[in-house]
Structures are given as C-alpha cells and as structure tokens.
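The values are calculated or read from the model by the stated rules, or taken from the named source; none is laboratory data. From a predicted model like this one, the values you see are computed outputs, not experimental measurements. Positions of Cβ are generated from backbone atoms using ideal geometry, with glycine treated the same way; all protein chains shown enter the neighbour counts. Please note that ligands, DNA and RNA were not included when accessible areas were found on the heavy atoms of the full protein model with its side chains. Shrake-Rupley method; radii C 1.70, N 1.55, O 1.52, S 1.80 Å.
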Amino acid sequence: MISYDRLWVTMKKKGITQYDLYTKYNINRSQLDRLRHNKNVQVSTIDRLCNILHCNVEDIMEHFDDNDVF
C-alpha cells in the first residue's frame with residue numbers, strides 16, 4: 001500500500017496549502033482527493049508535486065507491505 005501522509009507534512013513545512021496547489025500550480029482537485037484517500041495517482045502527478053515542493057519522492061509517499069496482494 002502507498003500512503004501519502006508524508007505529502008501533507010512536507011506541504012506544511014514548505015508553507016504550501018491544498019488551495020495553493022489547485023489555484024497556483026493547477027493540480028486538479030480530484031487528484032488531491034485521490035492523494036487524501038491514498039488512492040492511485042499518476043507518476044507525473046508525483047513528479048509535479050516533487051518539483052513544486054522541491055523535495056524527493058520519499059518526502060511525499062511511503063510504501064507499506066500489503067498482505068492482500070495477489
């Protein structure tokens with residue numbers, strides 16, 4: 001499972017809000033909703049967030065073992 005909890009911590013540290021993401025940086029609100037609920041998002045969205053926040057992937061997301069795979 002992928003968790004995006006680190007994204008919200010990184011955003012707070014960088015002083016960027018969800019409102020900033022969709023008004024200044026054109027991140028779609030549905031993508032933010034998907035991130036909030038730890039659903040699948042495109043790699044290009046993760047790349048854009050890394051560029052906006054000037055951070056690494058591990059500052060946005062974290063992987064946890066999922067026993068329900070396969």
Can you give the calculated 222 nm mean residue ellipticity of the chain, where each DSSP H run of n ≥ 4 adds -39,500 (n - 2.57) and the sum is split over every residue, rounded to the nearest 500 deg cm²/dmol? -14000 deg cm²/dmol
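For the chain, which whole percent of the accessible surface, found with a 1.4 angstrom probe, sits on carbon and sulfur atoms?
Details: 2380 of 5090 Å².
Here it works out to 47 percent.
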Using the Cα centre of the chain as the reference point, and only Cβ charges (+1 on K/R, -1 on D/E), how large is the resulting charge dipole? Debye, rounded to the nearest 20. 480
Among Met1, Ile16, Asn38, which residue has its Cα positioned farthest towards the positive end of the charge dipole of the chain, with +1 placed on the Cβ of Lys and Arg, -1 on the Cβ of Asp and Glu, and the dipole taken about the Cα centre? Ile16
With a 1.4 Å probe and all protein chains left in place, how much accessible area per residue does the range 1-49 have, in Å²? 68
Taking trypsin sites (Lys or Arg not before Pro) that fall in a DSSP loop and have at most 13 other Cβ atoms within 10 Å as cut points, what is the longest piece of the chain between them? 40-70
